[in-house]
Amino acid sequence: MIRTIAVREFKSLFSSPLAWLTLAVLQFLFAWIFFSRIELFLQYQARLRSLDAAPGITEIAASGMFTVAGLVLLIITPLFTSRSLAEERRSGSLKLILSSPVSLTSVVMGKFTGLFGFYLIIILLLALMAFSLRLGGPADIGQIITGILGLILLSITCISIGLFMSSLTAQPTVAAISTFALLFFLWIIKWDVKTGGALATYLSLQEHFTSLMSGYLASVDVIYFLLLSILFLSLTIWWLDWERN
Amino acid sequence: MGEEYTIQAKDLVRSYGGRLAVDHVSLQVRRGEVLGLLGVNGAGKSSTMNMLAGVRIPNQGTVFVSGYSLTDDPLQARASLGYLPEKPPIYPELTVDEYLIYCARLRRVSSAKLASNIEQAKTRCGLENSGKRLIRNLSKGYQQRVGIAQAIVHQPNIIILDEPTVGLDPVQIVQIRKLIRELGNDHSVILSTHILPEVLTVCDRVMIMRAGRVVYEAPISAFREGESLEQVFIRLTCGDEVEIT
């Protein structure tokens with residue numbers, strides 16, 4: 001049943017030009033950033049050789065592109081998650097799902113999986129560009145894989161938060177603004193480290209994402225993203241159940 | 001639960017924010033019977049329908065569908081239900097066929113029966129030539145037919161229709177009423193409406209609701225002599241406020 005809902009959710013994204021346009025624009029922007037950074041590396045290659053622990057092409061081109069992609073994924077999330085449940089509620093089609101022999105967990109996981117499929121396309125295109133570095137010479141595969149993992153973890157967290165916000169209202173615009181506000185707050189929470197201290201550091205999306213982008217795979221970062229995703233998916237299920245009751 | 005009834009609700013109570021919408025409503029419907037639920041706007045019809053369809057859980061009371069409790073065995077119970085809410089739960093961007101396939105899968109129709117069930121639902125609702133058409137391009141009457149088709153695509157024991165003829169033109173109303181009467185021959189149908197002639201044309205039995213309570217129940221044959229349905233309805237729902245001429 002999760003598959004049925006996921007396929008429908010995934011297809012519905014492509015029923016409007018938004019998804020196609022987003023993929024095309026993002027691919028152009030990421031390619032531009034990627035090639036700019038390769039050019040930057042080639043320009044300073046000689047000077048970098050003289051430095052100890054100088055960054056390699058993977059760090060400059062691939063990780064640099066992944067870092068920008070992370071922020072872009074965060075920004076585009078409300079565009080795609082806001083309609084998911086809010087639009088179903090507004091149009092009345094949520095009653096079709098609620099009166100069907102489907103558990104709320106399947107509904108939420110189906111929606112989540114469908115949206116994640118769209119993010120996977122973006123991440124796959126990014127991964128292909130990063131792995132293309134191997135065509136020109138040695139590249140740090142471990143760092144690329146860690147970067148991809150970071151993007152996947154950030155995506156599932158963004159989708160989970162977006163789904164929860166979408167479950168709270170019948171207005172997709174309200175869901176979009178709330179999603180952006182919460183994601184952006186979690187991203188900047190550690191900008192002024194004096195505010196919040198250690199808690200702000202732990203809650204910071206940017207802190208954990210940047211850690212993965214540096215090629216350092218720490219369980220604390222992985223657990224942070226997984227915990228946040230599970231928390232918001234559970235809250236979405238709980239909210240829909242509370243509403244039914 | 002008595003085996004002759006396909007759906008049996010007992011002492012349903014539901015309130016929203018302290019306002020009592022449904023107050024100890026009990027009903028039961030046999031196979032091959034069409035029950036009309038009559039009442040003015042705000043009488044509690046839609047709230048009752050939502051509880052019978054499993055969209056809302058009653059604060060108090062029980063609903064048994066085909067022998068399964070909607071509270072204890074919700075998935076089995078909902079598999080025997082077809083529900084058309086007041087606003088058809090359609091996806092305008094899908095074709096009729098795509099939509100009915102999605103609905104059939106949500107209702108756990110097996111792959112082997114999928115095509116035949118969809119064909120049968122389309123035939124019954126006069127949609128044989130509309131399968132490839134986008135739902136958004138259909139007239140309101142045809143969208144209503146699509147809404148009814150989704151409610152019967154899994155061949156449920158009970159069909160719940162909430163004001164299915166609202167907003168339709170006279171020809172469409174006649175066609176939809178004829179369809180409901182046909183469905184009543186094989187299924188149990190619960191029809192919510194505030195249109196009195198509709199009840200006389202389509203239903204076998206009528207229940208009148210006022211302020212969340214059932215204030216009258218009788219077979220349609222009771223109106224062949226003595227007080228008309230209109231007189232009973234106005235007397236019970238409006239009291240002395242409206243004079244019947």
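Miscellaneous remarks
- Entirely in the range B:45-111, the helices (runs of 4 or more DSSP H) that have 3 or more residues that are more than 8 Å from chain A (Cβ to nearest Cβ) and either surrounded by fewer than 18 Cβ atoms within 10 Å (Cβ to Cβ) or out of contact with any Pro (no Cβ under 8 Å at 6 or more places or on another chain) (or both): B:45-52, B:96-106
- Boolean, A:LEU227 is surrounded by 14 or more Cβ atoms within 10 Å (Cβ to Cβ), assigned to a helix (DSSP H, G or I) and of a type in the set (A, V, I, L, M, F, W, C): no
- Filter pass, A:SER91 being within 30 Å of B:ASN157 (Cα to Cα) and in contact with a Gly (Cβ under 7 Å, 6 or more places away or on another chain): no
- Exactly one residue out of B:GLU217, B:GLU182, B:GLU230 is over 26 Å from B:SER80 (Cβ atoms), among the charged types (D, E, K, R) and in contact (Cβ under 8 Å) with a residue 12 or more places away in the chain, and it is B:GLU230.
- Within the range B:121-130, considering residues that are in contact (Cβ under 8 Å) with a residue 24 or more places away in the chain and in a helix (DSSP H, G or I), the one farthest from the chain's Cα centre (by Cα): B:LYS122
- Only one of the listed residues (A:LEU51, A:LEU42) is modelled with pLDDT under 90, part of a helix (DSSP H, G or I), at negative phi and not aromatic (Phe, Trp, Tyr). That residue is A:LEU42.
- Counting only helices (runs of 4 or more DSSP H) that sit wholly inside the range A:91-179, those with at least 2 residues that are modelled with pLDDT of 95 or more, out of contact with any Cys (no Cβ under 9 Å at 6 or more places or on another chain) and among the small types (Gly, Ala, Ser) are A:104-131, A:141-167.
- Cβ-Cβ under 6 Å pairs, at least 6 apart or on other chains, the range A:89-106 side more than 8 Å from chain B (Cβ to nearest Cβ), far side assigned to a loop (DSSP other than H, G, I, E, B): A:ARG89/A:ALA170; A:ARG90/A:ALA170; A:SER106/A:MET1
- The residues of the range A:81-110 that are within 23 Å of the chain's Cα centre (by Cα) and farther than 24 Å from B:THR71 by Cβ, listed by number, are A:THR81, A:SER82, A:ARG83, A:SER84, A:ALA86, A:GLU87.
- For the range A:1-59, the candidate set comprises residues that are β-branched (Val, Ile, Thr) and within 20 Å of the chain's Cα centre (by Cα); within that set, the residue that is nearest to the other protein chains (Cβ to nearest Cβ) is A:VAL7.
- The range A:31-56: number of residues that are touching a helix residue (DSSP H, G or I) at 6+ places or on another chain (Cβ under 6 Å) and of a type outside the set (Lys, Arg): 5
- Of all residue pairs spaced 6 or more apart or on separate chains, those with beta-carbon atoms under 8 Å, a first member in the range B:68-79 that is closer than 19 Å to A:TRP242 by Cβ and a second member that is surrounded by fewer than 18 Cβ atoms within 10 Å (Cβ to Cβ) and of a type in the set (Val, Ile, Thr) are B:LEU70/B:ILE57; B:LEU70/B:THR62; B:THR71/B:ILE57; B:THR71/B:THR62.
- Test: residue in the range A:61-77 that is under 16 Å from A:GLY137 (Cβ atoms) and away from every other protein chain (no Cβ under 14 Å): yes
- Residues (in contact (Cβ under 8 Å) with a residue 40 or more places away in the chain and within 16 Å of B:ARG210 (Cβ to Cβ)) located in the range B:14-30: B:ARG14, B:LEU20, B:ALA21, B:VAL22, B:ASP23, B:HIS24, B:VAL25, B:SER26, B:LEU27
- Residue ID - farthest from the other protein chains (Cβ to nearest Cβ), chosen from residues in the range B:112-156 that are in contact with a Lys or Arg (Cβ under 7 Å, 6 or more places away or on another chain) and small (Gly, Ala, Ser): B:GLY126
- Within the range A:107-127, considering residues that are of a type in the set (Gly, Ala, Ser) and closer than 30 Å to B:ASP162 by Cβ, the one farthest from the other protein chains (Cβ to nearest Cβ): A:GLY114
- Among the numbered conditions (1) over 29 Å from B:GLU4 (Cα atoms); (2) modelled with pLDDT of 80 or more; (3) outside any helix (DSSP H, G or I), the only one that B:VAL171 does not meet is (3).
The values are calculated or read from the model by the stated rules, or taken from the named source; none is laboratory data. These figures come from a predicted structure and were not determined experimentally. Heads up, the Cβs are rebuilt from the backbone with ideal geometry, glycines too, and the neighbour counts pull from every protein chain shown.
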